[in-house]
Amino acid sequence: MSNRIKKVIIACSDEYVKNIMVEGFEKFLPKDRIFVCKTEFDMTQMLIESEDTAIIFDKFFLGFVLTYQILRLKVINEKILAYFVETGECSKYFGLRVYDLGIQGLIPYIEVKSKLKIELEKVIQGIKTFPEPVMRSIEENDYLLERKSFTEVTEKEMEIGLYLGMGKSQKEICYLTGMSAQAVCTHTCRLRRKIGYKDPSDYTRLSRQALKGLTRSAN
């Protein structure tokens with residue numbers, strides 16, 4: 001049986017993640033069928049009229065955080081299969097967020113070669129793949145009760161995330177936004193779930209990606 005996926009586009013802003021994915025797919029596809037894009041414009045051009053294609057994202061590639069831009073890409077090419085990849089364990093809420101956007105899968109622990117090989121075989125075959133905690137939450141329908149925790153990032157959450165990326169303290173954010181400490185804490189907690197927060201550097205990287213997006217828009 002021939003493989004369903006004949007071309008892979010790797011759209012990852014993290015160099016470490018990008019290198020892992022290129023090396024991983026080279027075991028399944030010729031090098032000339034693996035494409036690395038550096039900008040969202042490059043990615044869009046690669047997707048036009050492209051069939052039997054899987055696109056691989058990390059959570060920092062699409063602007064400030066995973067946004068509904070992914071749905072725009074589906075409009076450009078409804079046949080693409082999109083997967084998100086992550087080093088280490090992923091947040092269940094981030095997994096639900098990805099699932100809710102109609103993505104084919106979320107693959108954690110990509111630095112573990114034995115696990116990655118199994119997951120990439122699924123990608124090549126066009127099979128959906130999500131971590132067990134995510135699938136269990138979906139099958140039991142309890143994720144519907146937690147929708148606020150992982151749906152689209154709000155303007156207030158985005159604003160707080162940008163300030164956190166600048167190294168601002170909660171007290172400073174309260175002053176800058178006019179929000180109460182309780183409100184800042186609540187929005188921060190929800191943002192952490194939505195972006196699959198791991199450590200403070202995530203905020204810095206998200207802020208950097210947001211700045212890149214604003215710069216491109218201005219040009």
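The values are calculated or read from the model by the stated rules, or taken from the named source; none is laboratory data. These figures come from a predicted structure and were not determined experimentally. Virtual Cβ from ideal backbone geometry, glycine too; neighbours counted across all protein chains shown. For the accessible areas, the whole protein counts, side chains as well, though only heavy atoms, and no ligand, DNA or RNA atoms are used. Shrake-Rupley method; radii C 1.70, N 1.55, O 1.52, S 1.80 Å.
Here are some notes:
- Residue 75-residue 139 pseudo-label distance in nm [points 7 Å out on the Cα-to-Cβ vector]: 3.6 nm
- Computed over segment 8-62, Cα set: Rg, Dmax in Å: 10.6, 29
- The chain: angle of helix 15-25 to the longest principal axis, Cα-based, in degrees nearest 10: 20 degrees
- Taking every protein chain into account, the accessible area of the chain amounts to 52 square angstrom per residue (probe 1.4 Å).
- If you take all other residues with their beta carbon under 12 Å from the beta carbon of residue 199, and give Lys and Arg +1 and Asp and Glu -1, the sum is +2.
- Among the listed pairs 59/117; 31/156; 59/115, those beyond 31 Å (Cα-Cα): 31/156
- Links that overshoot a 20 Å alpha carbon limit, given the list 7/198; 18/168; 92/128; 27/92: 7/198; 18/168; 27/92
- Helix 181-195 and the longest principal axis of the Cα set of the chain meet at an angle near 0°.
- Long-range amide H partners of residue 130 with built H, under 5 Å: 106
- A cut-off of 5 Å between modelled amide H atoms, ignoring neighbours fewer than 5 places along the same chain, links residue 36 with 10.
- Here the 3J(HN,Hα) profile of segment 106-118, calculated from phi with Karplus coefficients 6.51, -1.76 and 1.60 at θ = phi - 60°, is 10, 10, x, 6, 5, 6, 8, 4, 5, 5, 4, 4, 4 Hz, Gly and Pro shown as x.
- Residues whose amide H lies under 5 Å from that of residue 82, counting only those 5 or more places away or on a different chain, are 55, 104; hydrogens are built 1.01 Å from N in the peptide plane.
- Multiplying the residue separation of residue 132 and residue 100 by 0.36 nm and subtracting their alpha-carbon distance yields 10.0 nm.
- Residue range of the chain that is longest and free of GluC sites (Glu not before Pro) which are both DSSP loop and sparsely packed (at most 11 other C-beta within 10 Å): 141-219
- Selected from 118, 173, 56 as most flexible by GNM, with the chain as the system and alpha-carbon contacts under 10 Å: 118
- Segment 167-205 residues near the modelled residue 15 label - backbone nitrogen below 20 Å, point 7 Å along Cα→Cβ: 201-205
- Each residue, residue 199 and residue 180, gets one label point 7 Å from its Cα in the Cβ direction; the gap between the two is 3.4 nm.
- Evaluating 6.51 cos²θ - 1.76 cosθ + 1.60 at θ = phi - 60° for every residue in segment 126-139, the Karplus couplings come out as x, 8, 5, 8, 9, x, 3, x, 5, 5, 5, 5, 6, 5 Hz, glycine and proline recorded as x.
- Compared with the alpha-carbon gap, the fully stretched path from residue 155 to residue 169 is longer by 3.2 nm at 0.36 nm per residue.
- Rounded to the nearest whole Hz, the Karplus-based 3J(HN,Hα) values (6.51 cos²θ - 1.76 cosθ + 1.60, θ = phi - 60°) of segment 51-56 follow the sequence 10, 6, 10, 10, 10, 10, with x at glycine and proline.
- Share of carbon and sulfur in the accessible heavy-atom surface of the chain [1.4 Å probe, %]: 53 percent
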